[in-house]
Amino acid sequence: MEENKKIIIAGPCAIETKSGLLSLVEEIHNKVDIIRGGVWKARTSPHNYAGKGEEALKWINQIQKKYNKLFAVEVGTKNHVELALKYNIKIVWIGARTTSNPFAVQEIAETLYKTDTEIWIKNPIFSNLDLWFGAIERLHLNHIKNIKVIHRGFYSENEKTYRNDPRWDLLDKFRLKYPNIPIICDPSHITGDKKLIFNIAKKAMQKHINGLMIEVHHDPENALSDQKQQLSAKELIQLLEKLNLK
Ligand code: PEP
Ligand code: MN
C-alpha cells in the first residue's frame with residue numbers, strides 16, 4: 001500500500017434488507033476498499049432495530065464472492081465471533097460500548113485466538129484511554145496481530161456541535177503509546193450529522209489518519225438507525241471526490 005493511501009470503509013449502520021444492501025453495494029463497491037455493515041446492533045433501547053443477525057451474514061458472504069471485496073462486521077460476543085468465522089468474515093470490529101467492557105473484550109480475544117481475522121477496536125464511549133489500551137493488550141495477549149483502531153469520538157456532556165467530541169488530543173496520546181497501530185477515523189459517529197462529515201474527515205486527514213469509515217445507506221431518510229448521519233451512495237461519492245480520495 002502506498003504511504004499516503006487512505007483505506008476507505010463504507011456501508012450501512014445496520015443491514016436491513018437484502019435488496020437494500022445489494023443495491024447499495026452495487027453503487028459503492030468500486031469506490032471503497034472495504035464494506036461495513038452492522039449485523040448485531042447494541043441499541044440503547046430494546047425497542048429499537050437490533051439488526052438482522054445470521055441471515056445478513058449469508059448475504060455478506062455472497063457479496064464478498066461476487067465483488068471480491070472484504071466486508072467488516074461488528075462483534076460483541078463469543079457467539080457473534082463464531083458466526084462471523086462460520087460465514088468467512090475476515091474483518092470484525094469491537095464497538096465503542098464493547099471496548100468499555102473488559103469481560104466482552106476478553107471473550108472476543110479468546111475466540112479469535114490463532115485465527116488470521118483482522119480486528120478493529122473502536123475507542124471506548126467515555127474518554128478513558130486505559131480501556132482502549134487494555135482492549136489492545138488483551139488482543140495482543142491472544143496473539144492477534146492484525147489490529148487497527150477506530151476513532152469515533154467520546155461522549156461529553158459539554159459537547160454541543162458533535163454527537164461525540166473528537167478529542168484530537170486523545171488521538172495524539174494514543175499515537176504516542178501505539179505509534180504503529182493504524183488509525184481509522186469514523187466521522188459519521190463523531191458528527192452524528194451528515195452535514196458535518198466533510199469537516200471532520202478533512203481534519204482527520206490533516207491528522208494523518210490511515211483511513212475513514214463512513215456510514216452510507218440505500219435510503220438514508222428511512223434508515224432504521226443513525227438516520228441523520230448516513231449518506232446516500234451519491235453523497236459518499238461526492239464526499240470522496242471533495243476530499244480528493246477517489
Ligand atoms: C457503528 O459503527 O455502527 C456503531 C454502533 O458505532 P459505535 O460503536 O462507535 O457507537
Ligand atoms: Mn451507526
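Readers should treat all values here as calculations from the given coordinates under stated rules, not as data from a laboratory. What you see is a predicted model; the values in this text were computed from it and never measured. Here Cβ is always computed from backbone atoms with ideal geometry, including for glycine, and neighbour counts include all displayed protein chains.
Some points to look at:
- Only Lys, Arg (+1) and Asp, Glu (-1) charged, at Cβ; region 7-233 dipole about Cα centre in debye: 340
- Cβ crowding within 10 Å, taken as a proxy for footprinting-reagent exposure, orders LEU231, LEU24, LEU224 from fewest neighbours to most as LEU224, LEU231, LEU24.
- Of all DSSP beta bridges in the chain, antiparallel share, percent nearest 5: 5
- Length-normalised contact order for region 7-233 - Cα pairs under 8 Å, 6+ apart - percent: 19
- Rg over Rh [alpha-carbon atoms, Kirkwood Rh] for the chain: 0.93
- Exposure proxy ranking for TRP40, TRP120, based on other Cβ atoms within 10 angstrom of each Cβ and starting from the fewest, stands as TRP40, TRP120.
- Our summary gives region 150-246 a relative contact order of 24 percent, counting only alpha carbon pairs under 8 angstrom and 6 or more residues apart.
- Summed residue charge, Cβ within 11 Å of ASP193's Cβ, Lys/Arg positive, Asp/Glu negative: +3
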